[in-house]
Amino acid sequence: MEELMKLANQRPNFFTDILNSINDAIYITDKNGVTLWINHISEMMTQFPREKLIGRNVRDLEREKVFSPSVTRLAAEASSNVSTVQEMRDGRKYIATGHLVKDENGEVIAIVAHCRDITEAVKTSSRLRETEELLEKYSQELRKLKIPSQLNGNPSKKELILHPSTEEMIGKIANVDTTALITGETGTGKSATAERIHLLSNRHKHSFVQINCASMPEQLLESELFGYKKGAFTGASTSGKQGLIQAAEGGTLFLDEIGELPPHLQAKLLHFLQTKTYMPIGGREYVQANVRIIAATNRNLEKMTEEGSFRSDLYYRLHILSIKLPPLRERKEVIEDLSFYFLKQYNEKYNVKKHFSSKVLDIFYAYHWPGNIRELENLMERLVILCDDTIEEKDLPQKMMENQQLPQYMKQLNQLDSMPELLESIERNMIIEALKKEKSTRKAAQQLGVTQSLLMRRVRKYGIQL
């Protein structure tokens, strides 16, 4: 090191000469992405002289298509080293890696991008099409680096959520632009699956926008999706408003709880899927959009089409590619790993060191988990906050402890006089439990698999207080 510093003192340009002698591009910015220095290969790569780039922010250069995407921006946003396939405006492709440079306090002080040209390797292949496919596959693998696969040697949340067969399907769906439908019970990871499809797709450079179709009134939902023009209705913004379709331009729009979409919006969505055009509220012309739609639901859309509450043509349009996520009770093998994952996550978040008693994991394994992974995650946060150092049986919710015992109707079996009385007791208890869990009689009826009118008749029959 002393000899190296001696040479550097003797030759003021010693380190820049070294960087200029490298056959790969070296591009250095500050922590905010402002260009500080580039080597000669970077000048050739960008087709700009150094003085035209120094002082410019990489985000501006990315918008000007000097390079796409900016690996420096990706590294800054991820707060970690990132690799990707970067394309220049002349069409040449580079394997690019953004490296964070940190000071002794762990604060980022600069970002160094290292890029290697792979264009010639692609061109010299006698099977160019296959090579391009391999390149895209490699690019997709690099994008997976943005989704951490390992955490101190332990599986990540996404690895635990996704079954291997599901992960394989995600990889196939990510490679195309066709509409996709994700089905599964509440809390099985539909949102995480949609985002993973987006991150592994060619649209990953653009926005991933999501909306829950059950979370807002019908009138507001329409304006949120399609936007509106100035003066479209009373109280509308004087400048109009862009909708989520416009916000997702070039990227992916994720429609969660698609089964709750009102009929007239189902028709507008179908038109968009068929034509890739839409009309904002108060507009007079259709607007073109380049957006991929991924939808999700915990409802049986096929049954809804038979009942007439969901358009069959929209269902078939959404159902071209589909993924069904299994409930947690059908994947008992991951319950223990997920429990330890969330325990570690919330121990770190709240700076504590809680641990399980051996019996707790046995109860977790036996429990039905109606709320699936979301229920487990929320429970773990509550336990870490409220429990002593050891999480024990007594700390668990009463419903989990009741799960370890005989069902209530089995205890009543010898006390009842007849089968009809037993069946009525079971039905009444199921209705009470569904009403406790759900916030509305409509959703309680959905959970029980009956119509809302039938549920209300049973409520009146059994004198259940709402």
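Bear in mind these aren't lab numbers, they're just calculated from the coordinates by the rules spelled out. Since the structure is predicted, the reported quantities are computational estimates derived from the model, not experimental observations. Cβ placement follows ideal geometry from the backbone for every residue including glycine, while neighbour counts extend to all protein chains displayed.
Brief remarks on what is shown
- Each residue, Asp24 and Lys332, gets one label point 7 Å from its Cα in the Cβ direction; the gap between the two is 4.9 nm.
- Given Lys65/Lys205; Lys190/Lys399; Lys230/Lys268; Lys102/Lys353, the pairs whose alpha carbons are separated by over 23 Å: Lys190/Lys399; Lys102/Lys353
- The simple Förster model, with R0 at 22 Å and r as the Cβ-Cβ distance, assigns Met456 and Glu302 a FRET efficiency of 0.30.
- Nearest-0.05 FRET efficiency for Leu273 and Ala247, computed from C-beta distance (R0 25 Å): 0.90
- Paramagnetic reach from Lys230 in the range 278-300 [backbone N under 18 Å; point 7 Å along Cα→Cβ]: 280-285
- Ratio Rg/Rh [Cα only; Rh per Kirkwood] for the range 43-126: 1.01
- Close amide-amide hydrogen proximity is noted between Tyr286 and no other residue 5 or more places distant or on a separate chain, at a cut-off under 5 Å (H modeled in the peptide plane; Pro and chain starts excluded).
- Contour minus Cα-Cα distance for Arg284 and Gln219 (0.36 nm per residue): 21.5 nm
- Stretching Ser207 away from Ser322 to a fully extended chain increases their span by 39.2 nm, per 0.36 nm per residue minus the current alpha-carbon distance.
- Positive contributions from Lys and Arg (+1) and negative ones from Asp and Glu (-1), summed over other residues with Cβ under 14 Å from the Cβ of Leu269, come out at -2.
- For the range 164-324, the convex hull spanned by the alpha carbon atoms encloses 110 Å³ per residue.
- Candidate aspartates and glutamates for bridging to Lys332, where Cα separation is under 17 Å - those fewer than 8 sequence places away on the same chain excluded: Glu159, Glu185, Asp362, Glu375, Glu377
- Between Asn32 and Glu392, the modelled labels are 5.5 nm apart [label points 7 Å from Cα along Cα→Cβ].
- Residues Asn429 and Tyr350, FRET efficiency given R0 of 51 Å [Cβ-Cβ distance, rounded to 0.05]: 0.85
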